[in-house]
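See structure below.
The values are calculated or read from the model by the stated rules, or taken from the named source; none is laboratory data. Quantities reported herein were computed from a predicted structural model and do not represent experimental measurements. Every residue, glycine among them, receives a Cβ derived from its backbone with ideal geometry; neighbour counts consider all protein chains shown.
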Amino acid sequence: MRNLVILLLILFQLSCDDNPDSKIQTNSKPNILIILVDDLGKEWISCYGADNIKTPNIDALAKSGILFNNVYAMPQCTPTRTTLLTGQYPFRHGWVNHWDVPRWGGGAHFDETLNPSIGIEMKKAGYKTCIAGKWQIDDFRVEPDALAKNGFDEYCMWTGYESGIPASSKRYQEPYIYTNNESKTFGNRFGPDVFKDFIVDFIYQNKEIPFFIYYPMVLTHTPLVNTPDETADTNLGKHKAMVRYTDKITGEIIKSLEDANIIKNTVIIWTTDNGTTRGIEGSLNGHKIKGGKSLTTEAGICLPFIVSWPDKIKPNQKSDALIDFTDLYPTFLDLAGISEKEISETSNHIFDGHSFRNVLIGESKESNREWMLGMGGQNNARLTENGVENQYNFRDRVLRNKRYKLYVDSNREPEKFFDLLLDPYEKNNFLDSLNTPEQKHNFDHLLEIVKSFPVKDNDPIYKPNPPQTWDVEINAQSQLWKR
């Protein structure tokens with residue numbers, strides 16, 4: 001009998017050696033993939049109730065996991081992305097306004113030596129790391145190793161709009177992309193396909209080890225363009241084509257995880273950085289919604305947010321748990337087996353977010369927060385002899401719990417107050433007519449939280465890079481929200 005058992009074990013081992021799927025990951029750490037779409041609100045995702053579009057692959061992803069209703073980002077690109085990278089609110093990391101580093105320069109950049117950066121921590125945690133798409137907070141001409149310094153082993157990035165290089169404005173047709181320490185035009189290619197192919201290759205090449213992929217898409221940001229699948233004559237038609245192409249790419253990446261036989265152990269987060277560009281109007285559950293980019297309305301900052309993890313998350317769920325983008329950093333650490341306390345103790349960084357892993361795996365219906373914060377809108381940054389500075393000491397912001405939302409102006413004074421349960425589209429400001437004890441209690445509570453914030457927001461925290469010949473003088477009046 002003993003010899004028979006040994007023989008069976010040997011035969012099993014030999015069969016595993018011949019089976020390519022036998023080398024699939026056996027580690028306990030999940031793979032993590034975050035897809036961050038550029039400039040897209042809920043009114044363009046059909047599983048959220050969009051009336052004028054179908055997004056079947058995104059909808060299928062939602063059915064496989066949890067669709068979240070109450071998730072806040074910031075209303076502009078740089079504040080949202082830097083908040084994701086650092087786990088801090090803009091008043092702490094300082095990037096309160098959008099600042100297009102390759103385009104405007106001025107010595108500004110994301111300084112990983114002075115700020116927390118999630119790629120660094122995920123690499124320390126034993127993950128192979130990858131980024132593809134849009135960065136735009138460093139100039140690769142000045143810092144060719146910016147992505148490596150931020151912990152990313154492999155990268156394929158649109159350079160951003162580099163001043164003095166006209167070709168660099170292109171992110172779609174014939175895109176100008178930085179990879180392998182050089183920037184070049186990819187002729188006869190559609191940029192989103194280049195980034196997607198890079199990620200798919202990374203998945204197949206690293207399917208035997210835990211990986212962390214950050215995919216900040218260039219879609220669906222302006223300029224509005226035709227895609228390889230569709231040609232349209234109007235801006236709305238082009239926008240719809242770009243949304244459908246976003247859905248297609250989502251499906252192709254998910255299929256690559258399935259084909260690699262690792263989707264069960266992969267956490268997929270699908271979300272966007274802010275609302276739709278202001279020139280585009282959609283429809284959500286029968287209501288017309290104008291694009292909310294750069295605004296702290298719900299259309300600007302309460303965004304689609306879907307999480308799938310077949311090994312741990314039950315399918316077909318919807319959640320009203322409160323989450324904001326400061327929570328992504330500590331959640332990634334938690335998934336990697338590292339507590340935010342451990343990181344804080346070794347790095348001296350303060351984190352504003354909280355892990356929501358407990359919501360993902362069904363241990364709780366509620367997250368570890370009672371309110372969410374969104375701050376900043378159209379640009380109020382300026383370039384001075386001290387670098388990039390925020391124009392106001394205290395940037396306007398909104399604070400929200402599950403039902404009530406408070407707007408606060410740059411003088412720290414309440415400006416508007418909404419009951420989102422009764423008024424989800426923010427039409428009736430009842431700041432001057434608080435009639436019930438519940439309304440008064442919630443108003444006072446949210447205002448008290450605002451008083452706990454620093455009196456002065458930080459300016460961006462960085463050691464300036466040397467002046468460059470291509471630096472462009474820029475101020476608040478000449479910056480455009482659409483960039």
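In the stretch 183-190, is there at least one residue being of a type outside the set (D, E, K, R), assigned by TED's automatic domain parsing to the domain that holds PRO102, assigned to a loop (DSSP other than H, G, I, E, B) and surrounded by fewer than 16 Cβ atoms within 10 Å (Cβ to Cβ)?
yes
Looking at GLY362, GLY353, can you tell me which residue is in the same structural domain as LEU295 (by TED's automatic domain parsing), in contact with a helix residue (DSSP H, G or I) (Cβ under 6 Å, 6 or more places away or on another chain) and either within 30 Å of GLN317 (Cβ to Cβ) or surrounded by fewer than 20 Cβ atoms within 10 Å (Cβ to Cβ) (or both)?
Matching residue, one of GLY362, GLY353: GLY353.
For the stretch 247-306, which positions are in contact with a strand residue (DSSP E or B) (Cβ under 7 Å, 6 or more places away or on another chain), farther than 18 Å from ALA73 by Cα and of a type in the set (S, T, N, Q)?
Listed by number, the residues that qualify are THR250, ASN265, THR266, SER283.
Just to check your reading of the model, which residue among PHE443, PHE453 is surrounded by 10 or more Cβ atoms within 10 Å (Cβ to Cβ), without any contact (Cβ under 8 Å) to a residue 40 or more places away in the chain and not β-branched (Val, Ile, Thr)?
The conditions single out PHE443.
Among the residues of the stretch 218-231, are any surrounded by 17 or more Cβ atoms within 10 Å (Cβ to Cβ) and outside any loop (DSSP other than H, G, I, E, B)?
no
What are the residue pairs meeting all of these: first residue in the stretch 400-429, first residue in contact (Cβ under 8 Å) with a residue 24 or more places away in the chain, second residue in a strand (DSSP E or B) and hydroxyl-bearing (Ser, Thr, Tyr), Cβ atoms under 8 Å, and 6 or more apart or on different chains?
ARG400/TYR72; PRO414/TYR407; PHE417/TYR404; PHE417/TYR407; LEU420/TYR404
For THR159, all conditions in the list (1) within 22 Å of the chain's Cα centre (by Cα); (2) surrounded by fewer than 22 Cβ atoms within 10 Å (Cβ to Cβ); (3) of a type in the set (S, T, N, Q) hold save one; what is the number of the exception?
If we test THR159 against (1) within 22 Å of the chain's Cα centre (by Cα); (2) surrounded by fewer than 22 Cβ atoms within 10 Å (Cβ to Cβ); (3) of a type in the set (S, T, N, Q), just (2) comes out false.
How many residues are over 21 Å from the mean Cα position of the chain (by Cα) and within 18 Å of LYS170 (Cβ to Cβ) if we restrict to the stretch 232-252?
Residues flagged as over 21 Å from the mean Cα position of the chain (by Cα) and within 18 Å of LYS170 (Cβ to Cβ) within the stretch 232-252 amount to 2.
Checking the structure you have, find out if any residue of the stretch 370-384 is modelled with pLDDT of 95 or more, small (Gly, Ala, Ser) and over 28 Å from VAL101 (Cβ atoms).
Looking for residues that are modelled with pLDDT of 95 or more, small (Gly, Ala, Ser) and over 28 Å from VAL101 (Cβ atoms), one finds none in the stretch 370-384, hence no.
Hey, does the stretch 122-130 have a residue that's outside any loop (DSSP other than H, G, I, E, B) and farther than 14 Å from TYR214 by Cβ?
The answer is yes; a qualifying residue exists.
Which strands (runs of 3 or more DSSP E) does the stretch 370-483 wholly contain that include 3 or more residues that are under 23 Å from the mean Cα position of the chain (by Cα)?
372-375, 397-400
Which of the residues spanning the stretch 67-82 are surrounded by 24 or more Cβ atoms within 10 Å (Cβ to Cβ), touching a helix residue (DSSP H, G or I) at 6+ places or on another chain (Cβ under 7 Å) and within 21 Å of LEU360 (Cα to Cα)?
Across the stretch 67-82, the qualifying residues are TYR72, ALA73.
Working only within the stretch 343-363, note down all residues that are part of a loop (DSSP other than H, G, I, E, B), farther than 20 Å from PRO116 by Cβ and free of Cβ contacts under 8 Å to residues at least 12 places away in the same chain.
Passing the criteria: only GLU363.
Output the residues belonging to the stretch 81-123 that are out of contact with any strand residue (DSSP E or B) (no Cβ under 8 Å at 6 or more places or on another chain) and farther than 19 Å from GLY151 by Cβ.
ARG92, ASP100, PRO102, ARG103, GLY105 - these are the residues of the stretch 81-123 that are out of contact with any strand residue (DSSP E or B) (no Cβ under 8 Å at 6 or more places or on another chain) and farther than 19 Å from GLY151 by Cβ.
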